[in-house]
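Working notes, structure below.
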Amino acid sequence: ETGVTQTPRHLVMGMTNKKSLKCEQHLGHNAMYWYKQSAKKPLELMFVYSLEERVENNSVPSRFSPECPNSSHLFLHLHTLQPEDSALYLCASSQDRTANTGELFFGEGSRLTVL
Amino acid sequence: AQKITQTQPGMFVQEKEAVTLDCTYDTSDPSYGLFWYKQPSSGEMIFLIYQGSYDQQNATEGRYSLNFQKARKSANLVISASQLGDSAMYFCAMRGLDSSYKLIFGSGTRLLVRP
């Protein structure tokens with residue numbers, strides 16, 4: 001079992017649907033992240049939570065809504081998405097967001113397809 | 001602004017040979033960290049190696065070593081004795097002191113190891 005678990009692994013949704021992506025980390029970390037990976041583009045940081053407080057929102061459209069109820073869980077709520085939102089959404093965690101040496105531990109991602 | 005450039009979209013290497021994956025970066029931060037991640041087809045991003053900007057020695061982790069040339073702003077990854085399981089996408093990333101939770105990624109290099 002990986003330290004960071006994402007569900008579902010695959011999701012297909014229509015533009016009018018509402019769905020959520022879930023991430024859980026079992027590493028005792030205090031920072032969690034959402035990244036978006038589109039084809040032929042570098043990973044894009046979407047949101048950062050540190051100790052359950054959102055510390056970064058990288059100009060992400062409001063149709064993406066994050067939630068961090070505790071330091072082990074992170075959600076990404078999706079509503080009225082567009083086809084260009086189809087991508088691999090990666091969750092990550094780290095021990096301390098302020099440490100240069102603190103590498104991120106990633107989940108396997110949720111592959112989202114918007115029809 | 002920080003930027004990571006990986007100029008090799010794809011690379012081939014013969015099994016058991018060494019391969020170098022290129023990475024150049026641009027930053028105005030006096031202190032920063034450089035990372036390499038591997039992404040197999042499963043999607044998970046796997047941390048490989050870290051180099052701090054003030055580290056005197058080049059980082060090594062098993063078959064991975066980082067050829068850090070600060071004046072050239074390059075941080076190439078060297079994989080020795082390539083194995084079939086090394087076939088994956090490889091991403092170079094950087095985190096600056098003033099944006100400690102923002103890990104900026106390059107566009108990646110796809111490595112294929114030939115038997």
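Values computed for the structure shown
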| item | result |
| --- | --- |
| In the range A:43-72, the residues that are on the phi > 0 side of the Ramachandran plot and within 14 Å of chain B (Cβ to nearest Cβ) | A:LEU51, A:SER59 |
| Filter result for B:LEU48 (touching a Cys at 6+ places or on another chain (Cβ under 9 Å) and in a strand (DSSP E or B)) | no |
| Filter pass, B:LYS38 being basic (Lys, Arg) and in a strand (DSSP E or B) | yes |
| Among residues of the range B:94-115, those that are at the interface with another protein chain (Cβ under 10 Å from one of its Cβ atoms), of a type outside the set (A, V, I, L, M, F, W, C) and part of a strand (DSSP E or B), counted | 2 |
| Tally of residues being in a strand (DSSP E or B) and either within 23 Å of A:PRO83 (Cβ to Cβ) or open to solvent by 60 Å² or more (accessible area, probe 1.4 Å) (or both) across the range A:1-26 | 11 |
| Single residue of the range B:1-43 satisfying the filter (of a type in the set (D, E, K, R) and surrounded by 14 or more Cβ atoms within 10 Å (Cβ to Cβ)) that is modelled with the lowest pLDDT | B:ASP29 |
| Residue in the range A:81-101 that is touching an Asp or Glu at 6+ places or on another chain (Cβ under 6 Å), closer than 26 Å to B:SER107 by Cα and either more than 11 Å from chain B (Cβ to nearest Cβ) or assigned to a strand (DSSP E or B) (or both) present | no |
| Enumeration of residues in the range B:1-33 that are hydrophobic (A, V, I, L, M, F, W, C), part of a strand (DSSP E or B) and more than 10 Å from chain A (Cβ to nearest Cβ) | B:MET11, B:PHE12, B:VAL13, B:VAL19, B:LEU21 |
| Every residue from the range B:64-84 that is open to solvent by 20 Å² or more (accessible area, probe 1.4 Å), in contact (Cβ under 8 Å) with a residue 40 or more places away in the chain and not hydrophobic (A, V, I, L, M, F, W, C) | B:ASN67, B:ARG72, B:LYS73, B:ASN76, B:SER80, B:GLN83 |
| Pick from the range A:102-115, criterion in a loop (DSSP other than H, G, I, E, B) and either open to solvent by less than 20 Å² (accessible area, probe 1.4 Å) or at pLDDT 95 or above (or both), ranking: nearest to B:TYR32 (Cα to Cα) | A:GLY102 |
| Close pairs from the range A:7-29: first in contact (Cβ under 8 Å) with a residue 24 or more places away in the chain and under 21 Å from A:PHE106 (Cβ atoms), partner open to solvent by 80 Å² or more (accessible area, probe 1.4 Å) and not in a strand (DSSP E or B), Cβ under 7 Å, at least 6 apart | A:HIS29/A:GLN95 |
| Restricting the range A:44-73 to residues that are in contact with a Leu (Cβ under 7 Å, 6 or more places away or on another chain) and in a loop (DSSP other than H, G, I, E, B), the residue that is least open to solvent (accessible area, probe 1.4 Å) | A:SER71 |
| Single match in B:PHE68, B:PHE91 (criterion: within 10 Å of another protein chain (Cβ to nearest Cβ) and at pLDDT 95 or above) | B:PHE91 |
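The values are calculated or read from the model by the stated rules, or taken from the named source; none is laboratory data. This is a predicted model, so every value here is computed, not measured. FYI the Cβ positions are ideal-geometry reconstructions off the backbone, even for glycines, and counts take in every protein chain you see. Note: accessible area is taken over every heavy atom of the protein model, side chains too, but ligands, DNA and RNA are not part of it. Shrake-Rupley method; radii C 1.70, N 1.55, O 1.52, S 1.80 Å.
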